[in-house]
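To start, the structure itself, in structure tokens.
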Amino acid sequence: QGSIVNKGGTPVVAFLLSFVISIILIFFSSFDELFSLGAFMSLTVTGLAYASLIQLRKKEPLLHRPYYAWGYPYSTYLTLIVTIAIFIGFGLSDNFNLAIICMLTALSYPCYLLLVNKKNRERIE
């Protein structure tokens, strides 16, 4: 359900789920906690995006690329290393939010696998 998009390309179910979770966090968290969670999530997404770029370039080296990263691979590796260092620094200073982000990231992968398996089963049928 989370991957279904409307005519405009918006994943409505995922958007609504994010909205509900955000509202819950707003009501039960302080500004500092929300800011920390946002910073952790931003670093997590940035780090995973750069790691994905590295993995894609290794897995599909001949794939047509309409855009090339400046200074690749050095700039990508440097950015990933700096992102990991900042994440570790945040984690050392805020263990509670680090645990929450690690839990959310770990839970997101099984959810992704469920969606992929469901989509593959629908194609076969």
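The values are calculated or read from the model by the stated rules, or taken from the named source; none is laboratory data. Note that the structure is a prediction, hence the values are computed from the model and not measured. Neighbour counts run over all protein chains shown; Cβ positions are idealised from the backbone, glycine included. Ligands, DNA and RNA are excluded from the accessible area calculation, which covers all protein heavy atoms including side chains. Shrake-Rupley method; radii C 1.70, N 1.55, O 1.52, S 1.80 Å.
So how many residues does segment 30-50 have that are more than 24 Å from residue 109 (Cβ to Cβ) and open to solvent by 90 Å² or more (accessible area, probe 1.4 Å)?
3
Kindly provide the set of residues from segment 93-115 that are open to solvent by 50 Å² or more (accessible area, probe 1.4 Å), among the hydrophobic types (A, V, I, L, M, F, W, C) and within 16 Å of the chain's Cα centre (by Cα), ordered by number.
Residues satisfying the conditions are 99, 102, 103, 104, 106, 107, 111, 113, 115.
Just checking, does segment 103-125 include any residue being out of contact with any strand residue (DSSP E or B) (no Cβ under 8 Å at 6 or more places or on another chain) and more than 29 Å from residue 4 (Cβ to Cβ)?
Step one: of segment 103-125, the residues out of contact with any strand residue (DSSP E or B) (no Cβ under 8 Å at 6 or more places or on another chain) are 103-125.
If we keep only those that are more than 29 Å from residue 4 (Cβ to Cβ) as well, we get none.
No: zero hits.
If the requirement is being open to solvent by less than 60 Å² (accessible area, probe 1.4 Å) and not in a loop (DSSP other than H, G, I, E, B), which of these qualifies: 53, 25? Even if it seems obvious, please write down each step before you answer.
On the way: 25 fails: open to solvent by less than 60 Å² (accessible area, probe 1.4 Å).
The unique qualifying residue is 53.
Could you go through segment 50-63 and let me know if any residue there is touching a residue at least 40 places away in the same chain (Cβ under 8 Å) and of a type outside the set (Gly, Ala, Ser).
Looking only at segment 50-63, we keep the residues that are touching a residue at least 40 places away in the same chain (Cβ under 8 Å), and these are none.
No; the residues of segment 50-63 include none that is touching a residue at least 40 places away in the same chain (Cβ under 8 Å) and of a type outside the set (Gly, Ala, Ser).
For residue 73, are the conditions met, namely being farther than 19 Å from residue 37 by Cα, out of contact with any Gly (no Cβ under 6 Å at 6 or more places or on another chain) and exposed (fewer than 10 other Cβ atoms within 10 Å of the Cβ)? Lay out the reasoning, then the answer.
Numbers: farther than 19 Å from residue 37 by Cα: yes; out of contact with any Gly (no Cβ under 6 Å at 6 or more places or on another chain): yes; exposed (fewer than 10 other Cβ atoms within 10 Å of the Cβ): no.
So residue 73 fails the test.
Hey, among the residues in segment 4-22 that are open to solvent by 60 Å² or more (accessible area, probe 1.4 Å) and not β-branched (Val, Ile, Thr), which one's farthest from residue 100 (Cα to Cα)?
7
Run residue 32 past the list (1) under 30 Å from residue 100 (Cβ atoms); (2) of a type in the set (D, E, K, R); (3) not in a helix (DSSP H, G or I) and report the number of the one that doesn't hold.
That leaves (3) as the condition not met.
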